[in-house]
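What follows is a set of notes on a single structure, which appears directly below.
The values are calculated or read from the model by the stated rules, or taken from the named source; none is laboratory data. Bear in mind that the values here come from a model prediction, so they are computed numbers and not experimental data. Note: ideal-geometry Cβ built from the backbone for every residue, glycine included; neighbour counts use all protein chains shown.
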Amino acid sequence: MLSIAMLSPHGDPLGRIGEPDVGGQCVYIRELAVSLAAKGVRVTTYTRDRADGKPQEEVMTAGASVVRVPCGPKRFLPKEQLGPYLELFAQTVATQLDEDQIIHSHFWDGGRVGGFLRDGRFWLHTSHSLGRRKMASLPDADHSRLQERIAVETETVAGCDRVVASTESEKRDLITLYKAKSEKITVLPPGIDANRFRSPPDKNSAKRALGFSDGPLVFSLGRLDERKGFDLFFRAADVVIRRLFPTVTPQFVLSAGVVSGHPSEEAERDRLQELVRSLGIEDVVRWLPVLSEAELPRYYGVADVFVMPSRYELFGIVMLEAMASGVPVIATRFGGPPEVITDGETGLLVDPTDIAGLAAAIVKLVENPDRCRRMGEAARRHVERTYSWTQLAERHRALYEQRE
């Protein structure tokens, strides 16, 4: 039986969305592990014990479990502060590994642990995002804290046996920015459980049940990070309202919350709240906290348009969730979205820093409900055909078997 050790120090795959450092990567690892287990692969995911009352070992499904490794302070630490404790993390995991167990590391912190544990084992790595690309997408930001990450990413890409890239765009970045060898990179996108996300039979009734009006609803969500472009979303909302009011008054909804004690997220929240006030759009913007996984499908389902305004996006699982819900997506043309969205058929691609262009794309869809519906239906069909975790787990399994 194939046995995989997934390494995800900062991201607990059984963490709840909204907990610190629990996001798309955690969902990705959980869904991949569960889908692999269904195919007879044994998967153990190692993550850091945050001393938050969760058990040291927890079963995801038969054949897949999470082991929480004590290391460092007995409290949550942001992923940027984990570097000094990763060798201790690796030493603890090493006592639990079999000689023939395959290593699959995730993100730069997992890559660091993978380097410590390799010792002749077959080693795959998935980056989820890249420090050098983050630097390029935010050229004016302070990048001093990225230097350790970039050094580890460079060592990981050079030292592992295979790299899993989410998109062809990421593969190009790995080659050009990290000097990775093309032949060791395999492109495998994230997947989605499309059964969780569907358009409701009566969208207006579903809107009213959540406290919205029947008017067009433009939805966005994500972490409070400047790269996610929510300032661009709000500026575009201002243009759209001025262009359409009073004929149509779209509702703009953002789900994004601050992790307690996370200074950069608190600063970004304050900056965005001040922007909303300065634009005078408080009456048309509804800012929701982070939605639970149970609540999330309902909010996607009532949206007429989903906007992913990232300045750059490696992939964006939220894009698949919206598409599975039958909602057309407006996304950045920089990064992975052009490999998922067919412009004009399943969504629209824009330069999100072009506020007028982003606003025009929103107007184009909210003014034409029939076009919105057709594009949403096409988006749903595309996700069902292409992004099934069952198919993607089989492709991962084939990659693991290359060891032999």
- Query: Which is out of contact with any Gly (no Cβ under 7 Å at 6 or more places or on another chain) and not charged (D, E, K, R), of Ile330, Ile355, Ile317?
  - Reply: Ile355
- Taking interchain pairs and intrachain pairs at least six residues apart, which have beta carbon atoms under 6 angstrom, with the first residue in the range 14-42 and among the aromatic types (Phe, Trp, Tyr) and the second at pLDDT 80 or above? Tyr28/Pro190
- Look through the range 145-179, keep the residues that are of a type in the set (S, T, N, Q) and in contact with a strand residue (DSSP E or B) (Cβ under 9 Å, 6 or more places away or on another chain), and return whichever of them is nearest to Trp108 (Cα to Cα). Thr156
- Item | Count of the range 249-280 residues which are touching a Phe, Trp or Tyr at 6+ places or on another chain (Cβ under 7 Å) and part of a loop (DSSP other than H, G, I, E, B) | 1
- Message: Conditions first: (1) in contact (Cβ under 8 Å) with a residue 40 or more places away in the chain; (2) over 16 Å from the mean Cα position of the chain (by Cα). Pro201 passes all but one, so which condition is the exception?
- Response: (1)
- Kindly establish whether Gly110 is under 15 Å from Asp12 (Cβ atoms) and touching a residue at least 40 places away in the same chain (Cβ under 8 Å). yes
- Note on the structure: Considering only helices (runs of 4 or more DSSP H) wholly within the range 313-404, the ones with at least 2 residues that are without any contact (Cβ under 8 Å) to a residue 40 or more places away in the chain and either more than 19 Å from Arg227 (Cβ to Cβ) or of a type in the set (A, V, I, L, M) (or both) are 355-366, 369-386
- Can you tell me which residues in the range 178-212 are of a type in the set (S, T, N, Q), surrounded by fewer than 16 Cβ atoms within 10 Å (Cβ to Cβ) and touching a helix residue (DSSP H, G or I) at 6+ places or on another chain (Cβ under 7 Å)? Ser182
